[in-house]
1. Kindly provide the Kirkwood hydrodynamic radius of segment 152-228 in Å, to one decimal, from all pairs of distinct alpha carbon atoms.
2. With θ set to phi - 60° and the Karplus curve 6.51 cos²θ - 1.76 cosθ + 1.60, what are the ³J(HN,Hα) couplings of segment 95-103 in order, to the nearest whole Hz, using x for Gly and Pro?
3. Which order results if 82, 332 are arranged by neighbouring Cβ count within 10 Å, fewest first?
4. Considering amide H positions built from the backbone, and no H for Pro or chain starts, which residues 5 or more places from residue 258, or on another chain, come under 5 Å of its amide H?
5. What is segment 11-371's relative contact order, in percent, from Cα pairs under 8 angstrom and six or more apart in sequence?
6. Which value, in debye to the nearest 20, describes the size of the charge dipole of segment 11-371 about its Cα centre when Lys and Arg Cβ atoms bear +1, Asp and Glu Cβ atoms bear -1, and nothing else is charged?
7. Would you be so kind as to identify which of 134, 217, 272 lies farthest towards the positive end of the dipole of segment 11-371, taking Lys and Arg as +1 and Asp and Glu as -1 on Cβ and the Cα centre as origin?
8. Mind listing the long-range amide H neighbours of residue 193? Cut-off is under 5 Å, sequence gap 5 or more, other chains count too, H placed in the peptide plane at 1.01 Å from N.
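Just so it is clear, none of the values below were taken in a lab; they were calculated from the coordinates. Bear in mind the structure is a predicted one, so any value in this text is a computation, not a measurement. Note that each Cβ is placed from the backbone with ideal geometry, even for glycine, and that neighbours are counted across all protein chains shown.
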Amino acid sequence: MATQPHSRKRVCYYYDSDIGNYYYGQGHPMKPHRIRMTHNLLLNYGLYRKMEIYRPHKATAEEMTKFHSDDYIRFLRSIRPDNMAEYNKQMQRFNVGEDCPVFDGLYEFCQLSAGGSVAAAVKLNKQASEICINWGGGLHHAKKSEASGFCYVNDIVLGILELLKYHQRVLYIDIDVHHGDGVEEAFYTTDRVMTVSFHKYGEYFPGTGDLRDIGAGKGKYYAVNIPLRDGMDDEAYESIFVPIISKVMETFQPSAVVLQCGADSLTGDRLGCFNLTVKGHGKCVEFVKKYNLPFMMVGGGGYTIRNVSRAWTYETSVALGVEIANELPYNDYFEYFGPDFKLHISPSNMANQNTPEYLEKIKTRLFENLRMLPHAPGVQVQAIPEDAINEESDNEDKVDKDERLPQKDLDKRIVPDNEFSDSEDEGEGGRRDNRSYKGRKRPRLDKTENKESEEKPKEEVKADKAPLEQENR
Ligand SMILES: [Zn+2]
């Protein structure tokens, strides 16, 4: 496959300035604030001048039930901190309450996260952009009818379903430290989506992602799992990522790629156990980008938030093909980045328990599986379903267009605002991930299940909180 190392790409970036205000609760490691930190850092690096920035629409219930069950989405729409008592039974059924708490604005948070990934897919489908970024997405653990691992709505599955309207084969790659179980499960029985997950395996959340889990039915050999041990460093990661992704590209030949850039695989993560630097993590982005395929990048885990924002800022620069200085520019959250105030981070001295022999063994096994794929799979022609977002529509009642932020307003946004403290992010906050769900059996997605009928949701008209322009291209 042709690769072009230094090509410039049209990059679209999805961000809503409200996202940083959603709060999972005191002591909870998932902090949407990290997305605002990322945004502010990349603004202050000047990266906004080189990409189109959109405020995503809020995904509707109708959009979300393309994957999720109607009753689960109806529940997410209804539940609030002040009416939880009425929903006791359903909270258990949908696994909401503990790791996935009810918080103010939970549903809107899901709408924005999902809206960004769906909009990104539509943009790529229209060939209006080569790379689309949604750091508010990447919530790979969410299941059809169940929240899991801090994720409620699986924006990735929704994005991939949208890509499948135009693309015969979509590749999903997951470099979060946790197994991308929700995405794998959704596409476990199809040959149109290959899921490739690199993750810590063994006594670790969510407990799935064994080397021998390879897909089922038509999807056999289309799920690829790379189970890893503690201490993965940059060199070891590259030694397995590059050959496996190369082989996957060669045999699967996708026409679009989604990369989940979970940053909990970085060294020093509050919940993670790998030892990657920002550069090592970013190399995965660089490598995938070289294939010049329509490319969606989403966020995911990441619990030492100063490093999450470093990594996602750096990866935005990689997407843009722009070099940025190691010296951090002044930004609203500058004090988080002390004592060095640098972009790049150093690995720790932790031992890498993934020996070259172990990694070689995994690679050999996976190559054997990939050899079972039909080479150069045939392309079926089919009718293209309607886009999730019809941007040509001039129906002003539908406020589901993504709004482009004009540059003059972005310039104004490089200003301080008040922020939560990073203190919870420090220290050994307890590895919540080991606490629950160990080895839980995965429920299989029943693709043939009929959806209950549901009345169409009435979406609220979004109040403009900032001067915005409608996209008119
Ligand atoms: Zn994770």
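1. About 12.4 Å, per the Kirkwood formula over Cα pairs.
2. 6, 10, x, 9, 5, 10, x, 8, 9
3. The order, fewest Cβ neighbours first, is 82, 332.
4. The list, which skips near neighbours in sequence, is 171, 172, 173, 296.
5. Over segment 11-371, the number comes to 19 percent.
6. In total the dipole reaches around 780 debye.
7. 217
8. Residues meeting the amide H criterion: 170.
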